[in-house]
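**Q** One structure, pasted below without further comment.
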Amino acid sequence: MKNLIKNSVSILKNDGIIALPTDTLYALSASIESSKGIEKVFDIKGRSYNSPISLLIDSSDQLKKYTQEIPKETWNLIEEFWPGPLTIILKSSPEVPNILLAQTGKVGLRIPNNIVARNIIGNLGSAITGTSVNISGQADMISHIDIKNTFGNKIDLIIENSIQKTNVASTILDLTIKPAIIIREGFIPKKIIQNFIEIQ
């Protein structure tokens with residue numbers, strides 16, 4: 001695993017992109033410190049710049065780095081659901097490139113429950129993009145074989161999944177609004193989250 005992580009980090013530091021298994025879907029990942037890498041993610045997916053892209057992080061320290069004005073209820077949610085399939089939207093800090101925010105001033109983040117993903121992020125020292133691997137508007141790809149057949153050499157490294165994942169997208173919760181609102185109900189149902197926070 002050490003060589004895999006070292007190779008992945010090297011690719012990300014050199015403006016490359018990787019297809020990374022998480023605890024939910026595969027992520028199409030670039031370092032958020034690489035403008036060229038981020039542009040490749042948008043280009044490969046055919047994604048509009050009007051659509052924001054969430055981040056994968058490895059710690060609460062990175063949460064503080066990339067966000068501002070964190071509501072106190074955020075920490076209860078993190079304690080319960082991270083690492084795991086809950087993406088939390090907060091006000092972005094200037095550390096996040098505007099291209100990822102779609103002019104919203106908000107950023108979605110989560111810590112994936114996948115040791116390989118977290119090790120790559122930790123060794124890289126920055127967040128990575130967490131958008132799903134697909135052509136925008138089409139079904140998410142859950143197999144490294146399907147990803148290879150569709151994207152070929154456009155992706156620098158496709159990591160074969162060796163850890164069980166759900167193949168269901170994360171739930172997205174916007175905490176910049178009060179009461180909070182679920183943007184996408186994914187693996188974690190609304191009724192579970194309502195035990196911890198008021199939701200519209």
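Only the coordinates and a few stated rules stand behind these numbers; no lab work does. What you see is a predicted model; the values in this text were computed from it and never measured. All Cβ positions, glycine included, derive from the backbone under ideal geometry; neighbour counts span all protein chains shown.
**Q** Are any of the pairs 64/190; 65/178; 36/64; 91/165 more than 27 Å apart by Cα-Cα distance, and if so, which?
**A** Distance filter (> 27 Å) returns 91/165.
**Q** Please compute the Kirkwood hydrodynamic radius over the chain, one decimal place, Å, based on all pairs of different Cα atoms.
**A** Radius from the Kirkwood sum: 16.7 Å.
**Q** List the lysines whose Cα sits under 18 Å from the Cα of residue 148, skipping any in the same chain fewer than 8 residues away.
**A** Within reach: 40, 45.
**Q** Turning to a different aspect of this structure: For segment 118-200, what is the per residue volume of the convex hull drawn over the alpha-carbon atoms, in cubic angstrom?
**A** Given the Cα convex hull of segment 118-200, per-residue volume reads 150 Å³.
**Q** For the chain, what is the percent of antiparallel DSSP beta bridges, rounded to the nearest 5?
**A** Here the antiparallel bridges make up roughly 65 percent for the chain.
**Q** If you don't mind, there's one more thing I want to ask. With point charges of +1 on the Cβ of Lys and Arg and -1 on the Cβ of Asp and Glu, referenced to the Cα centre of the chain, which listed residue (49, 75, 170) lies farthest in the positive direction of the dipole?
**A** After comparing all options, I get 49.
**Q** Below 8 Å between Cα atoms, with a sequence gap of 6+, how large is the relative contact order for the chain in percent? If you can, show how the numbers build up before the last one.
**A** On the way: 389 pairs, mean separation 58.6, N = 200.
Relative contact order comes out at 29 percent.
**Q** Turning to a different aspect of this structure: Please list, by residue number, everything in segment 85-114 whose backbone N is under 16 Å from a paramagnetic label point 7 Å out along Cα→Cβ of residue 64.
**A** Only 93-95 pass the distance filter.
**Q** Report the FRET efficiency, 1/(1 + (r/R0)^6), for residue 35 and residue 178, where r is their Cβ-Cβ distance and R0 is 25 Å, rounded to 0.05.
**A** With R0 = 25 Å, the Cβ-Cβ based efficiency is 0.15.
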